[in-house]
Amino acid sequence: MPLFPIEFSINDSKIVSQVPRKTKLLADLIPGNHKTYIYKEEKPYYEEYKKSWFGITHKKSGWDCMRHYEILACGCIPLFNDIESCPVNTMVFFPKDIIIKTNELYLEMKKCLSDIDIIDPCLENKAIEYIQILLDHTRKYLTNKKISEYILDKINFKKTDKKILYLSKDINADYLRCEVLVGFKELLGINCHDYPKIDHIYKECPDSKVKIQWGYGISYTKLINNDKHDYKLDNTIEEDIKNHIYDLVIYGSYHRGMILWEIVNSAYKPDEIVLLCGEDIHNCNYQDYVNSGYNVFVREL
């Protein structure tokens, strides 16, 4: 059946090229402790993780969390103590087995600091090796582009000379919708048309508009050149759907609304439609869409 897992991702432009210099064992950012939520700008937020060996993260409302990928991109190791309990079909590309091992390494490094107030160089070298492995894994599986390629691969869609329509009813920030759209823009450029335009993913979007987005827009905004959106297509959207000028239609969040659904559903077969659900808790019945033959990707399975 056309039901597939999906997860958050990070833009490859955010991933460090080498292991940063470390000055502390654990980043000061503590999930759930709002006193540590002091960063409203991306650079200092990333710098805190870059100078730390480990960054705490854990399950929130859902298992998947943007913080996991930001920590990895900064060349920091996610300290994820309950990762063993994550369902097998959730965060399928996340390096769970490696994180289980690095959780143990954290305890060794912490004990070393407690005993002699200095980390054994052998443990530091071991941590560096793990970070390099994690960075390679992130580049290979966890970028915006890689997740978008994964979607096309799962539905056997060949992207050469093809056009995609990417629809959203709610244009406010939605991590999964935004990240996958960025990936498709990087893959197809103007041949992936977002309607309505998701302004905050474009580099020319005013900072004032970006900062009101979720998480102050950190990690997922201002990534795409403005010339990757063809405004002329906005004016003929319904006619173009009826004439089937797009080869694939993607709903960036079917949970948040199905704009133009009746027109799309009459012009396209179910296997030409992709429905994404990036919610922590999805109370809409995705199984009905799966049973009807639509391609459905759900984040928290």
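The values are calculated or read from the model by the stated rules, or taken from the named source; none is laboratory data. On a predicted model such as this, the values are computed, not experimentally measured, just so you know. Glycine gets a Cβ as well: all are built from the backbone with ideal geometry, and neighbour counts include every protein chain shown.
Out of all the residues in the stretch 80-94, which are of a type outside the set (S, T, N, Q) and surrounded by fewer than 24 Cβ atoms within 10 Å (Cβ to Cβ)?
Within the stretch 80-94, ASP82, ILE83, GLU84, CYS86, PRO87, VAL88, VAL92, PHE93 meet the criteria.
Right, SER168: polar (S, T, N, Q) and free of Cβ contacts under 8 Å to residues at least 60 places away in the same chain or not? Considered against the rule, which asks whether it is polar (S, T, N, Q) and free of Cβ contacts under 8 Å to residues at least 60 places away in the same chain, SER168 comes out as no. Restrict the check to the stretch 50-57 and report whether at least one residue is within 16 Å of TRP214 (Cβ to Cβ), in the same structural domain as ASP120 (by TED's automatic domain parsing) and surrounded by fewer than 20 Cβ atoms within 10 Å (Cβ to Cβ). Within the stretch 50-57, not a single residue is within 16 Å of TRP214 (Cβ to Cβ), in the same structural domain as ASP120 (by TED's automatic domain parsing) and surrounded by fewer than 20 Cβ atoms within 10 Å (Cβ to Cβ). Going through (1) of a type in the set (Asp, Glu); (2) surrounded by fewer than 17 Cβ atoms within 10 Å (Cβ to Cβ); (3) over 27 Å from ILE71 (Cβ atoms) one by one, ASP194 falls short only on (2).
Look at ILE151 and say whether it is of a type in the set (Val, Ile, Thr) and in the same structural domain as GLY215 (by TED's automatic domain parsing). Answer is yes for this residue.
Kindly evaluate ASP207 against the criterion of being within 23 Å of LEU3 (Cβ to Cβ) and free of Cβ contacts under 8 Å to residues at least 12 places away in the same chain.
Working: within 23 Å of LEU3 (Cβ to Cβ): no; free of Cβ contacts under 8 Å to residues at least 12 places away in the same chain: yes.
So ASP207 does not fit the description; no.
Applying the criterion of being within 26 Å of ASN125 (Cβ to Cβ) and either surrounded by fewer than 17 Cβ atoms within 10 Å (Cβ to Cβ) or aliphatic (A, V, I, L, M) (or both) to the residues of the stretch 11-22, the residue that is nearest to the chain's Cα centre (by Cα) is ILE15. No other residue among LYS40, LYS60, LYS35 is on the phi < 0 side of the Ramachandran plot, not in a loop (DSSP other than H, G, I, E, B) and not hydrophobic (A, V, I, L, M, F, W, C) apart from LYS35.
Note on the stretch 247-301: residues that are farther than 22 Å from PRO87 by Cβ, touching a helix residue (DSSP H, G or I) at 6+ places or on another chain (Cβ under 7 Å) and of a type outside the set (Val, Ile, Thr) amount to 7. Just one of the numbered conditions (1) without any contact (Cβ under 8 Å) to a residue 40 or more places away in the chain; (2) of a type outside the set (S, T, N, Q); (3) over 30 Å from VAL210 (Cβ atoms); (4) in a loop (DSSP other than H, G, I, E, B) is not true of GLU108: (4). Residue count for the stretch 28-69 under the criterion of being without any contact (Cβ under 8 Å) to a residue 60 or more places away in the chain and hydrophobic (A, V, I, L, M, F, W, C): the result is 6.
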